[in-house]
Amino acid sequence: MFYCTVCKIETDYEYDIALSNGQYLHYSCVLMLQMQKHEIETALRIQKSQFTLSLFVPTDGAQQDIASETEIKDLRTKLAKLESILDELYDHLPCWPPDWEERKRLLIRDNGSICSHCDEEEDVYLVHDIPIFEGGTNELDNLTLICAECYRSMYREVDIFGTSTLKSSQSEFSEQFSAIQSAIDNDQKIQFDYKKPSNKRWTTRVVVPERLLNIPNSRESGETLCVEGFCELRQDTRVFALERMQDLEVIED
Ligand SMILES: [Zn+2]
Ligand SMILES: [Zn+2]
């Protein structure tokens, strides 16, 4: 029996998260902590703006809306506690943590925007030293900044995500998969409409596909089938999830 490290209640096989430190976690519990953190941050922000406002706008005794110093101190203490709990959970999530960009910012602050492989000052990616699927964690000392050039050559060496066969669970992508594969084999370009969850609109992309990848995700499927290639719109190598594509076609030059 496995128990959630947050609420100590039994975890349900289908909905739990196995953390890399051997503990278990409910999805709902991490969501609850995130919501609590968000609520406190909002409360603090409101207090701050009300306080600032009160300095400029004379109020006739309407001071009761402003929290006392002790109340604000309490909120800050609670927030720090929540942040450290979440930080520790994120350290051991079996996927990229929600605060990935923040982790990258911290490393850049300490080391500069410098590639750990070639020591050049470049735009850098954040990667794991020991990959998650080999037991690596998201702790800062397992994270490295690396430039696009070294990132690409490293990924070619460690071809562990690369895939030339389709898993049975991915059969819905079989048509796209074989179209992309044949485009790679024949040095052809592909064109498709693409939409990230964060974007409202579809954009049409023309991509020189280089390889198909399975990238770990935190969902039940465990992996997202992607294609890596040179995107003509962004003028850079990008990774595209097949599930976010539509109207894929192989195009002649
Ligand atoms: Zn729980
Ligand atoms: Zn480099």
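The values are calculated or read from the model by the stated rules, or taken from the named source; none is laboratory data. Note that this is a predicted model, so its numbers are computed, not measured. For neighbour counting, all protein chains shown are included, and Cβ atoms are generated from backbone atoms with ideal geometry for every residue, glycine included.
Residue-by-condition table, conditions (1) under 27 Å from residue 76 (Cβ atoms); (2) of a type in the set (A, V, I, L, M):
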{"position": "11", "(1), (2)": "no, no"}
{"position": "17", "(1), (2)": "no, yes"}
{"position": "21", "(1), (2)": "no, no"}
{"position": "32", "(1), (2)": "yes, yes"}
{"position": "35", "(1), (2)": "yes, yes"}
{"position": "39", "(1), (2)": "yes, no"}
{"position": "46", "(1), (2)": "yes, yes"}
{"position": "53", "(1), (2)": "yes, yes"}
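Taking the stretch 89-122 as the range and being over 18 Å from the mean Cα position of the chain (by Cα) and either within 16 Å of ligand 2 (Cβ to nearest atom) or surrounded by 14 or more Cβ atoms within 10 Å (Cβ to Cβ) (or both) as the test, the residues that pass are 111, 112, 113, 114, 115, 116, 117, 118, 119, 120, 121, 122.
Any chance you could count how many residues in the stretch 76-103 are in contact with a helix residue (DSSP H, G or I) (Cβ under 9 Å, 6 or more places away or on another chain) and closer than 22 Å to residue 146 by Cα? Outline the logic, then answer.
The first filter runs over the stretch 76-103 and keeps only residues in contact with a helix residue (DSSP H, G or I) (Cβ under 9 Å, 6 or more places away or on another chain), leaving 76, 78-79, 82-83, 85-86, 89-91, 93-100, 103.
Next, from what is left, pick out any that are closer than 22 Å to residue 146 by Cα: 90-91, 93-100, 103.
Qualifying residue count, the stretch 76-103: 11.
Results for (1) at pLDDT 80 or above; (2) among the hydroxyl-bearing types (Ser, Thr, Tyr); (3) surrounded by fewer than 16 Cβ atoms within 10 Å (Cβ to Cβ), shown as yes or no for each residue.
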position: 163; (1), (2), (3): no, yes, no
position: 199; (1), (2), (3): no, no, yes
position: 202; (1), (2), (3): yes, no, yes
position: 220; (1), (2), (3): no, no, yes
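Total residues in the stretch 4-41 satisfying the condition of being in a strand (DSSP E or B) and either surrounded by 14 or more Cβ atoms within 10 Å (Cβ to Cβ) or near ligand 1 (Cβ under 8 Å from one of its atoms) (or both): the figure is 7.
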